[in-house]
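Q: What follows is a single structure, and I will ask about it in a moment.
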Amino acid sequence: MEFKSKIKTIEWVDNYSKMVDQTVVPYEYKFINITTGEAMFHAIRDMIVRGAPAIGIAGAHGVVLFAQEGESKFTDIEQFKIWLIDKAEYMKTSRPTAVNLMWACEKQIEVIRNSKSDIKGLIEELKQNAIKLENEDIEINKKIGDFGAEVVPKGATILTHCNAGALATVGYGTALGVVRSAYAKDNTIQVFADETRPRQQGARITTFELAMDGIPVTLITDGMCSYFMSKGMIDMVVVGADRIAANGDTANKIGTYTVAIAAKYHNIPFYIAAPLSTIDTSIKSGKEIPIEERSHEEVTHINGKRICAEGVNIINPGFDVTPHELIAGIITEKGILRPDYNKSIAEAFKG
Ligand code: MRU
């Protein structure tokens, strides 16, 4: 039985990109139309759209938006292509850690380079490619979900961190895709969601989307995970990823590494769920993953209200890197990759 999720996070409509505005979830569930390339750059940077696969698709849409804007500026296709590749490179810089953004913009750059069409034709090719990537994202997540569901014990409580759900992808989710597929087989499973400070994607977004789909979820604050692990209340951990190095080291939302250490100590399997587009085989280890440093206000304030003394020192990395030794498996659309990750990742890219 397939799980039907109600959520579609981002979608190309006619000549613009329609997305859920995630800055206001769960107070509001509203859609916003992005109509220019620059507006898309800001939507990604300001996290109106967020989550590695979702910002990948947003980046692909952004390239189409720039292309549409460029149509009236150019008559020469070669000049148009040079200008547009530059815009696609710019779109890649809207956030630094999630490699899906670079991957999807690169897919659009390939279309630009290989196209034999005129300007109008190339814009149509870019649009069709964006829609193809969009549809594939959902298909890939369902595969990830189904592979992951096979390792979910009956009646399991699954801990997750941040939001790697439908709202972090086009739909269905990666870590929460595993939850959705497992729930379709066994509706006695449940989720524990870490709050995920500073931006509270767990509290705001994961609980919202699971409640929307009727899947039981318990919200805990970030420091509570080892307590519940020690009580035997967590059976497995599944989280998403922003970038995975060739050796399996994985960048995900800040706090993920702490959860992985706690899981190892308590002998609880810790899984990553991510598409192959999140794996960056050009880097050997997690040391090479660029970590986004975000606004200090995310730490000093909650919902616009200051929670600490004025003038206090702040540091706010958005992501951390979980060493591959702590990861029981990487659940992908090609199956569950196991250590030695250098070998299993290389193998997954072959077939
Ligand atoms: O800063 P965010 O909200 O974009 O971070 C999101 C995460 O860390 C997710 O876990 C990751 O992108 C995987 S989404 C399927």
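Q: Restricting segment 172-182 to residues that are out of contact with any strand residue (DSSP E or B) (no Cβ under 9 Å at 6 or more places or on another chain) and under 16 Å from Met212 (Cβ atoms), which is farthest from the ligand (Cβ to nearest atom)?
A: Arg180
Q: Every residue in segment 277-292 that is under 14 Å from Met102 (Cβ atoms), within 16 Å of the ligand (Cβ to nearest atom) and of a type outside the set (Gly, Ala, Ser), please.
A: Result: Thr278, Ile279, Asp280, Ile289, Pro290, Glu292.
Q: Ser72 - would you say it is in contact (Cβ under 8 Å) with a residue 24 or more places away in the chain and either of a type in the set (Gly, Ala, Ser) or in a helix (DSSP H, G or I) (or both)?
A: no
Q: Could you list, in sequence order, the residues of segment 136-161 that are open to solvent by 10 Å² or more (accessible area, probe 1.4 Å) and within 12 Å of the ligand (Cβ to nearest atom)?
A: Those that are open to solvent by 10 Å² or more (accessible area, probe 1.4 Å) and within 12 Å of the ligand (Cβ to nearest atom): Asp137, Ile140.
Q: On to the next question. Test Thr188 against the stated conditions and say whether it is surrounded by fewer than 18 Cβ atoms within 10 Å (Cβ to Cβ), in contact with a strand residue (DSSP E or B) (Cβ under 8 Å, 6 or more places away or on another chain) and not in a helix (DSSP H, G or I).
A: Numbers: surrounded by fewer than 18 Cβ atoms within 10 Å (Cβ to Cβ): yes; in contact with a strand residue (DSSP E or B) (Cβ under 8 Å, 6 or more places away or on another chain): no; not in a helix (DSSP H, G or I): yes.
For Thr188, the condition - surrounded by fewer than 18 Cβ atoms within 10 Å (Cβ to Cβ), in contact with a strand residue (DSSP E or B) (Cβ under 8 Å, 6 or more places away or on another chain) and not in a helix (DSSP H, G or I) - is not met.
Q: Do we find that Glu293 is at pLDDT 95 or above and surrounded by fewer than 17 Cβ atoms within 10 Å (Cβ to Cβ) in this structure?
A: yes
Q: Being surrounded by fewer than 21 Cβ atoms within 10 Å (Cβ to Cβ) and at pLDDT 95 or above is the requirement here; does Thr258 meet it?
A: On the way: surrounded by fewer than 21 Cβ atoms within 10 Å (Cβ to Cβ): yes; at pLDDT 95 or above: yes.
Yes; evaluated as a whole, the condition is true for this residue.
Q: Then there is this: Check segment 300-314 and report whether any residue there is open to solvent by less than 80 Å² (accessible area, probe 1.4 Å) and within 13 Å of the ligand (Cβ to nearest atom).
A: no
Q: From Ala54, Ala67, which residue is within 20 Å of the chain's Cα centre (by Cα), open to solvent by less than 60 Å² (accessible area, probe 1.4 Å) and not assigned by TED's automatic domain parsing to the domain that holds Glu195?
A: Among Ala54, Ala67, only Ala54 is within 20 Å of the chain's Cα centre (by Cα), open to solvent by less than 60 Å² (accessible area, probe 1.4 Å) and not assigned by TED's automatic domain parsing to the domain that holds Glu195.
Q: A further question follows. Counting only residues that are in contact with a Leu (Cβ under 6 Å, 6 or more places away or on another chain) and not in a loop (DSSP other than H, G, I, E, B), which one in segment 109-126 is surrounded by the most Cβ atoms within 10 Å (Cβ to Cβ)?
A: Within segment 109-126, the first condition is being in contact with a Leu (Cβ under 6 Å, 6 or more places away or on another chain), and the residues that meet it are 111-112, 115.
If we keep only those that are not in a loop (DSSP other than H, G, I, E, B) too, we end up with 111-112.
Numbers: Val111: 22, Ile112: 20.
The selected residue is Val111.
Q: Working only within segment 221-244, note down all residues that are within 16 Å of the ligand (Cβ to nearest atom), open to solvent by less than 20 Å² (accessible area, probe 1.4 Å) and assigned to a helix (DSSP H, G or I).
A: Listed by number, the list holds a single entry, Cys225.
Q: Next up: Show me the helices (runs of 4 or more DSSP H) found entirely inside segment 252-351 where at least 3 residues are not β-branched (Val, Ile, Thr). Reasoning before the result, please.
A: On the way: elements: 256-265, 297-300, 341-350.
Counting at least 3 such residues, we get 256-265, 341-350.
Q: If you check every pair at least six apart or on different chains, which have Cβ atoms under 7 Å apart with a residue in segment 198-214 that is closer than 26 Å to Ile314 by Cα and open to solvent by 10 Å² or more (accessible area, probe 1.4 Å) first and a residue that is assigned to a helix (DSSP H, G or I) and hydrophobic (A, V, I, L, M, F, W, C) second?
A: So the pair list comes out as Pro198/Val299.
Q: For Asp194, state whether it is within 15 Å of the ligand (Cβ to nearest atom), of a type in the set (Asp, Glu) and closer than 21 Å to Thr9 by Cβ.
A: yes
The values are calculated or read from the model by the stated rules, or taken from the named source; none is laboratory data. Only a predicted model underlies this, so the values are computations on that prediction, with no experimental measurement involved. Because the Cβ atoms are built from the backbone with ideal geometry, glycine has one as well, and the counts that use them run over all protein chains shown. For the accessible areas, the whole protein counts, side chains as well, though only heavy atoms, and no ligand, DNA or RNA atoms are used. Shrake-Rupley method; radii C 1.70, N 1.55, O 1.52, S 1.80 Å.
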